[in-house]
Structures are given as structure tokens and as C-alpha cells.
Amino acid sequence: MSRPVIGISMNYMKLGSYHQFHIRDTYIDALYNNGALPLLIPCLEDTDCLRDYLGKAGALVIIGGLDYPPSLYGEELRPETELAWDRRVKGDYALLETALAMKIPVLGICAGMQLLNIYFGGKLIQHIPELDAHFGEKYHPVRILGGRWLPEIFGKDEILVNSNHHQGVNPDYIGKGLKVVAIAEDGMVEALEYESEQMVLGIQWHPERIKDPEVSKPHFAWLNHLVGASLTGRI
């Protein structure tokens, strides 16, 4: 049986003397080990080219990385903000916009979730005041509040996830059409979902690095399910 093709964004940065497209092996391994065929999509603004990429994929994962410019949500740059390269910012915007127009499932991980909120008109917390609980790959419980996708993926109200982020979605400025569907004990927004038939889900944690397969595997297994169901006309 053919593996479902899942598109995945890439980072862009200077490594050594050269600018490079870059992605951690954990993302690729998580998709591959859970039955998918990862399709790497470089940071491009050419929407025709992006449509060609996404036309070969049944779903899209937007990965984590450095910070999106606060100018995108009307704020001044704070000293703690670590800006992503402009090529990645523009490429991610074009990629997300294209995926939304093509109505394929989208999973945004960490900064990928933050991009969703920015894209739909929301804002971020540029630097979390009480950072310790959310930085350094610490684990903490997350309460699932409802929505369509997370209850189907996990079938329970609470999961234990990892955290490694210094920014977060500002709960006072949630993007239009987005719904908060999971929170941490301290109220930090942990998941967003776009209210549409298309699966557009953002999560603040990193499932590709979670050791417990009962928490990590369902994210990617569900994407595979959606792609398979779409191909057979069941969704």
C-alpha cells in the first residue's frame, strides 16, 4: 500500500558559511515512522510552485522555528524576540495561504500554531513572563476544551505534552475564525482550531519529540487517516 504523502515546511537560516534550507530529523522521522511519506517544501513565495507541491500532498505540517516579526501583528520588536529569516516568513505565509485555498488539512506545530493566529489577525505574547514552565522541553498537562479535532485524535480530556517556546498566542487577541481548544494549567493557549470543515489545527507542543507513543503517534496517524479518507472520497 502506498504511503500517504504529507507536505512539511522547512526552515531557512545561515549555517556556517552558507544559507541553507533546514529541518530537524525528528519531524521527518515522526512522519515516516508513523506511515507517511514526507514531502519537503522549501521556503518559496511562488504560489504556482507551491500549488504543485501541495497537489502531490494530502496534508501539510508547518514546523516550529524562530519568531515571526511582531510588525505582522502591529507591535514593536522586543529585545527577547529572535526573528526568523525573512525568506522563511514570506514562504510560510504563502504556503499557509495556498494550503487554505486548496482546503487540505494543516497541522501547525509550535511557531506553526503561532503563524495561524497571526495569519487570521491575532497577536502573540512576544516573551512569556513566567517562562520556566514552558521552556527547556519540560512536560506539563494540557486540558482539551473541545473542538472537532483534538477529541477525535485523543479521545480524552487531558494529555501530557512537552514545551519549548518563549512566545505564545495572546488569549486576548485570537484570530478571526479560530477557537482555543486546549490550555495549560497556567492558562497558556496550547491549541487552536479553525472553525471550518477543513482541518486547520495548531498545537503549541512538539509531538515529533514526545517519547510517549500514545501522545506522539496519534497526531501523525490522524493526518494519515485524513489523507486516506480524502483519497477514497470518505471526507
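The values are calculated or read from the model by the stated rules, or taken from the named source; none is laboratory data. It should be emphasised that the depicted structure is a prediction, and the values quoted were computed from it without experimental measurement. With ideal geometry, Cβ positions are generated from the backbone for all residues, glycine too; neighbour counts draw on all protein chains shown.
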In segment 99-109, residues that are in contact (Cβ under 8 Å) with a residue 24 or more places away in the chain and surrounded by fewer than 21 Cβ atoms within 10 Å (Cβ to Cβ) total 3
Condition set modelled with pLDDT under 95 and within 18 Å of the chain's Cα centre (by Cα), scope segment 111-146, selection surrounded by the fewest Cβ atoms within 10 Å (Cβ to Cβ): answer is GLU137
Among residues of segment 51-83 being under 21 Å from LYS123 (Cβ atoms) and charged (D, E, K, R), the residue surrounded by the most Cβ atoms within 10 Å (Cβ to Cβ) is ASP67
Restricting attention to segment 12-40, the residues that are of a type in the set (S, T, N, Q), in a strand (DSSP E or B) and more than 16 Å from GLY91 (Cβ to Cβ) number exactly 0
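Working carefully through the options HIS206, HIS225, find the one that is crowded, with 17+ Cβ neighbours inside 10 Å and without any contact (Cβ under 8 Å) to a residue 40 or more places away in the chain.
HIS225 is the lone residue from the list that is crowded, with 17+ Cβ neighbours inside 10 Å and without any contact (Cβ under 8 Å) to a residue 40 or more places away in the chain.
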Requested in this report: Could you tell me whether segment 211-219 includes any residue that is hydrophobic (A, V, I, L, M, F, W, C) and at pLDDT 95 or above?
Outcome: no
*Some residue of segment 69-79 being among the hydroxyl-bearing types (Ser, Thr, Tyr), free of Cβ contacts under 8 Å to residues at least 60 places away in the same chain, out of contact with any helix residue (DSSP H, G or I) (no Cβ under 8 Å at 6 or more places or on another chain) and assigned to a loop (DSSP other than H, G, I, E, B)*: no
Within segment 199-214, the residues that are more than 16 Å from the chain's Cα centre (by Cα) and assigned to a helix (DSSP H, G or I) are PRO213, GLU214
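Mind listing just one residue for me: the one in segment 148-203 that is charged (D, E, K, R) and in contact with a strand residue (DSSP E or B) (Cβ under 7 Å, 6 or more places away or on another chain) and, of those, surrounded by the most Cβ atoms within 10 Å (Cβ to Cβ)?
GLU190
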Scanning segment 189-208 residue by residue, the ones that are modelled with pLDDT under 95 and either within 20 Å of ASN164 (Cβ to Cβ) or touching an Asp or Glu at 6+ places or on another chain (Cβ under 6 Å) (or both) total 0
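In the list ILE144, ILE128, ILE153, which residue meets the criterion of being touching an Asp or Glu at 6+ places or on another chain (Cβ under 7 Å) and aliphatic (A, V, I, L, M)? First the steps, then the outcome.
Details: ILE128 fails: touching an Asp or Glu at 6+ places or on another chain (Cβ under 7 Å); ILE153 fails: touching an Asp or Glu at 6+ places or on another chain (Cβ under 7 Å).
One residue alone meets the criteria, ILE144.
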Result of the Cβ filter at 6 Å on segment 1-24, keeping first residues that are farther than 19 Å from LEU83 by Cβ and in contact (Cβ under 8 Å) with a residue 24 or more places away in the chain and partners that are part of a strand (DSSP E or B) and small (Gly, Ala, Ser), at least 6 apart or interchain, is ILE6/ALA59
Flagged pairs (Cβ under 9 angstrom, 6 or more apart or on separate chains; first in segment 86-98, surrounded by 16 or more Cβ atoms within 10 Å (Cβ to Cβ); second assigned to a helix (DSSP H, G or I) and among the charged types (D, E, K, R)) are THR98/ARG51
Against the condition modelled with pLDDT of 95 or more, exposed (fewer than 13 other Cβ atoms within 10 Å of the Cβ) and part of a helix (DSSP H, G or I), how does ASP48 come out, does it pass? yes
Of the candidates VAL89, VAL61, the one satisfying the condition of being under 24 Å from GLU208 (Cα atoms), under 15 Å from the mean Cα position of the chain (by Cα) and part of a helix (DSSP H, G or I) is VAL89
